[in-house]
Amino acid sequence: MKHIIKRIVIHCSATTASQNYTFEQLEKDHRLRGFRECGYNYYIRKDGTVFEGREIGAELAHAAGYNRNAIAICFEGGLNESRKAEDTRTKEQKEALKIMVDFFHLLFPGAEIVGHRDLPNVNKDCPCFNANEEYKYI
């Protein structure tokens, strides 16, 4: 079955660079918020390890009004020690994220690549970098 993907949305976990925030913790926190499981398709740890959340094509729980026809990728971090938005991505996270964005762009060439913060009516600094600028080469 071919999925219609309109957006690839990048998120951060809004945790500090020194905080260890596992996929299991992310999933537990999402369940505490009332989700049945992790709301993203993928989660990238600081070491570049990628965990799979919801299947591609499943309805997500990552951005109100944008939970269908999207791929949601979240990376661990996004805050400095003062809990302010900062690009805390490791080299490994940047590489994993680039590989994933490039791959999904090949599969879904019409999909817009955005940060969560770029969606209308979102008042967050998530992710902590400009996804439009970072992936403008696509």
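What base-10 log of the normalised intensity I(q)/I(0) is obtained for region 10-134 from the Debye formula, alpha carbons as equal point scatterers, at q = 0.18, 0.22, 0.23 Å⁻¹?
Summing over Cα pairs of region 10-134 leads to -0.97, -1.53, -1.67.
Show that you can apply the helix-only estimate: for the chain, add -39,500 (n - 2.57) for every DSSP H stretch of four or more residues, divide by all residues, and state [θ] at 222 nm to the nearest 500.
Numbers: 3 runs with 31 residues, N = 138.
Dividing the helical sum by the residues of the chain leaves -6500 deg cm²/dmol.
Suppose we keep just the DSSP beta bridges with both residues in the chain; what percent of those would be antiparallel, to 5?
Numbers: 4 of 19 bridges.
Counting only bridges with both partners in the chain, antiparallel ones make up about 20 percent.
Let me know the number of lysine pairs in the chain closer than 26 Å at the Cα, not counting same-chain pairs under 8 apart.
Eligible lysine pairs with Cα atoms under 26 Å apart amount to 27.
For LYS6, enumerate residues with amide H under 5 Å from its amide H, sequence gap 5+ or separate chain, H modeled in the peptide plane.
Residues meeting the criterion, in which the H sits 1.01 Å from N, are ALA70.
Please compute the contact order of the chain in relative form: average sequence separation of alpha-carbon pairs under 8 Å and at least six residues apart, divided by the residue count, as a percent.
Working: 266 pairs, mean separation 43.9, N = 138.
The value is 32 percent.
Pick out, from ALA14, PHE104, GLY39, the residue whose Cα sits farthest towards the positive end of the charge dipole of the chain, with +1 on the Cβ of Lys and Arg and -1 on the Cβ of Asp and Glu.
GLY39
Could you check the spin-label model distance between ILE4 and GLU24? Points 7 Å from the Cα along Cα→Cβ, value in nm.
Result for the modelled spin labels: 4.0 nm.
In what order do GLU24, GLU112 fall by count of nearby beta-carbon atoms within 10 Å, going from fewest to most?
Details: GLU24 10, GLU112 14.
Placing the least packed residue first, the sequence is GLU24, GLU112.
Read-outs: derived from the displayed coordinates by stated rules, not from any lab. Here the structure is a predicted model, which means the values were calculated and not measured. When we count neighbours, we look across all protein chains shown, and the Cβ atoms used for this are built from the backbone with ideal geometry, even at glycine.
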